[in-house]
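Visitor: For reference, the structure I am asking about is given below.
The values are calculated or read from the model by the stated rules, or taken from the named source; none is laboratory data. Everything numeric in this text was worked out from a predicted model, so none of it was measured. Glycine gets a Cβ as well: all are built from the backbone with ideal geometry, and neighbour counts include every protein chain shown.
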Amino acid sequence: MADLVLEETEEKMRKAVAHAKAEFASVRTGRASPALIEKLPVEYYGTEVPLQQLAGFTVPEARQLLINPYDKASIGSIEKAIQNSDLGLTPSNDGNSIRLTFPPLTQERRKELVKRVKHMAEEGRVALRNIRRAARHDLESLEKDHELSSDELSRYEKELDKKIHLHEAEIDKALEAKERELLED
């Protein structure tokens, strides 16, 4: 039973790390990346739909992103969603596709983005700690039900700590890479 708790905890931790990495990808660097806008909600026939379901993306140049809508009637809605987002980008539309040009980031903006990414990393770590707390609670209730001895509980808790340290290190490594990416000119 305790092994099952650890397996579930490991899976939840992997998902928390993947979520943190996906959050990092949504932060604009100076380069064009579909990850920045693919989750952007677009009003499409009365419902909000993620942009990735309405269009394909290509990166013709390092600072340019081309959005090719599957339905040409959605171009206006996509443009509006981009303008209303906090990306600070102005879309240009040629009737068939939308082109986004990414201006270089100012040093001040880079530092702001680094702060935001560090905050996202901390949220990821907090999520990991919450998962560990829930697992510890489950293990302690197994001990109370006499399904685990106190020695086994101690061993499982040490294993839990090892797992959280591994996953926190993974988040830190991703944070470091994103910081480098944001601060390079």
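Visitor: If a residue must be closer than 30 Å to residue 114 by Cα and outside any helix (DSSP H, G or I), how many such residues does segment 125-184 contain?
Guide: Total satisfying the criteria: 1.
Visitor: Oh, and also: Of the numbered conditions (1) under 24 Å from residue 168 (Cα atoms); (2) modelled with pLDDT under 90; (3) exposed (fewer than 12 other Cβ atoms within 10 Å of the Cβ), residue 113 fails exactly one; give the number of that condition.
Guide: Of the numbered conditions (1) under 24 Å from residue 168 (Cα atoms); (2) modelled with pLDDT under 90; (3) exposed (fewer than 12 other Cβ atoms within 10 Å of the Cβ), the odd one out for residue 113 is (3).
Visitor: For residues in segment 25-64 being touching a residue at least 60 places away in the same chain (Cβ under 8 Å) and more than 15 Å from the chain's Cα centre (by Cα), which is farthest from residue 112 (Cα to Cα)? Walk me through how you get there before you give the answer.
Guide: So the first thing to find is which residues in segment 25-64 are touching a residue at least 60 places away in the same chain (Cβ under 8 Å), and the list is 27-32, 37.
Subset that is more than 15 Å from the chain's Cα centre (by Cα): 30-32.
Values: 30: 14, 31: 17, 32: 19 Å.
Among residues in segment 25-64 that are touching a residue at least 60 places away in the same chain (Cβ under 8 Å) and more than 15 Å from the chain's Cα centre (by Cα), the one farthest from residue 112 (Cα to Cα) is 32.
Visitor: Any residue at all in segment 67-77 that's under 26 Å from residue 117 (Cβ atoms) and outside any loop (DSSP other than H, G, I, E, B)?
Guide: So far as segment 67-77 goes, yes, one or more of its residues are under 26 Å from residue 117 (Cβ atoms) and outside any loop (DSSP other than H, G, I, E, B).
Visitor: Which condition does residue 64 not pass, out of (1) at pLDDT 90 or above; (2) in contact with a strand residue (DSSP E or B) (Cβ under 8 Å, 6 or more places away or on another chain), if it passes all the others?
Guide: Only one criterion in (1) at pLDDT 90 or above; (2) in contact with a strand residue (DSSP E or B) (Cβ under 8 Å, 6 or more places away or on another chain) is unmet by residue 64, namely (1).
Quick grid of which residues meet (1) touching a strand residue (DSSP E or B) at 6+ places or on another chain (Cβ under 6 Å); (2) at pLDDT below 90; (3) surrounded by 12 or more Cβ atoms within 10 Å (Cβ to Cβ):
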position	(1), (2), (3)
127	no, no, yes
138	no, no, yes
146	no, yes, no
169	no, no, no
185	no, yes, no
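Visitor: Looking at segment 17-65, which of its residues are in a helix (DSSP H, G or I) and among the β-branched types (Val, Ile, Thr)? Before the answer, list the steps.
Guide: Restricting attention to segment 17-65, the residues satisfying the condition of being in a helix (DSSP H, G or I) are 17-25, 34-36, 51-53.
Across segment 17-65, the qualifying residue is only 17.
Visitor: Still on this structure, please answer the following. Just one of 21, 80 is assigned by TED's automatic domain parsing to the domain that holds residue 134 and either surrounded by 13 or more Cβ atoms within 10 Å (Cβ to Cβ) or more than 30 Å from residue 141 (Cβ to Cβ) (or both); which is it? Full working, then the answer.
Guide: Numbers: 80 fails: assigned by TED's automatic domain parsing to the domain that holds residue 134.
Just a single option satisfies the conditions, and that option is 21.
Visitor: When you scan segment 42-68, how many residues do you find that are closer than 13 Å to residue 100 by Cβ and either crowded, with 18+ Cβ neighbours inside 10 Å or not small (Gly, Ala, Ser) (or both)?
Guide: Going through segment 42-68 one residue at a time, the tally reaches 13.
Visitor: Somewhere in segment 102-109, is a residue modelled with pLDDT of 90 or more, of a type in the set (Phe, Trp, Tyr), farther than 30 Å from residue 159 by Cα and not in a strand (DSSP E or B)?
Guide: no
Visitor: Kindly list, by first and then second residue, each pair from a residue in segment 149-165 that is closer than 17 Å to residue 125 by Cα and aliphatic (A, V, I, L, M) to a residue that is part of a helix (DSSP H, G or I) and at pLDDT 90 or above, limited to pairs with Cβ atoms under 6 Å and residues at least 6 apart or on different chains.
Guide: Short answer, once both residue conditions are applied: 160/132; 160/135; 164/128; 164/132.
Visitor: Which one is nearest to residue 44 (Cα to Cα), of the residues in segment 78-96 that are aliphatic (A, V, I, L, M) and in a helix (DSSP H, G or I)? If you could, list the steps in order and put the result at the bottom.
Guide: Narrowing segment 78-96 to residues aliphatic (A, V, I, L, M): 78, 81-82, 87, 89.
Subset that is in a helix (DSSP H, G or I): 78, 81-82.
On the way: 78: 9, 81: 10, 82: 14 Å.
Among those that are aliphatic (A, V, I, L, M) and in a helix (DSSP H, G or I), it is 78.
Visitor: Give me a count of the residues in segment 1-16 that are assigned to a helix (DSSP H, G or I) and either of a type in the set (Phe, Trp, Tyr) or touching a residue at least 12 places away in the same chain (Cβ under 8 Å) (or both). Explain how you work it out, then say what you get.
Guide: Step one: of segment 1-16, the residues assigned to a helix (DSSP H, G or I) are 2-16.
Imposing the further condition that a residue be either of a type in the set (Phe, Trp, Tyr) or touching a residue at least 12 places away in the same chain (Cβ under 8 Å) (or both) reduces the set to 2, 5-6, 8-10, 12-14, 16.
Residues in segment 1-16 being assigned to a helix (DSSP H, G or I) and either of a type in the set (Phe, Trp, Tyr) or touching a residue at least 12 places away in the same chain (Cβ under 8 Å) (or both): 10 in total.
Visitor: Is one or more of the residues making up segment 1-12 in the same structural domain as residue 173 (by TED's automatic domain parsing) and under 24 Å from residue 176 (Cβ atoms)?
Guide: Within segment 1-12 (the criterion being in the same structural domain as residue 173 (by TED's automatic domain parsing) and under 24 Å from residue 176 (Cβ atoms)), the answer is yes, since at least one residue qualifies.
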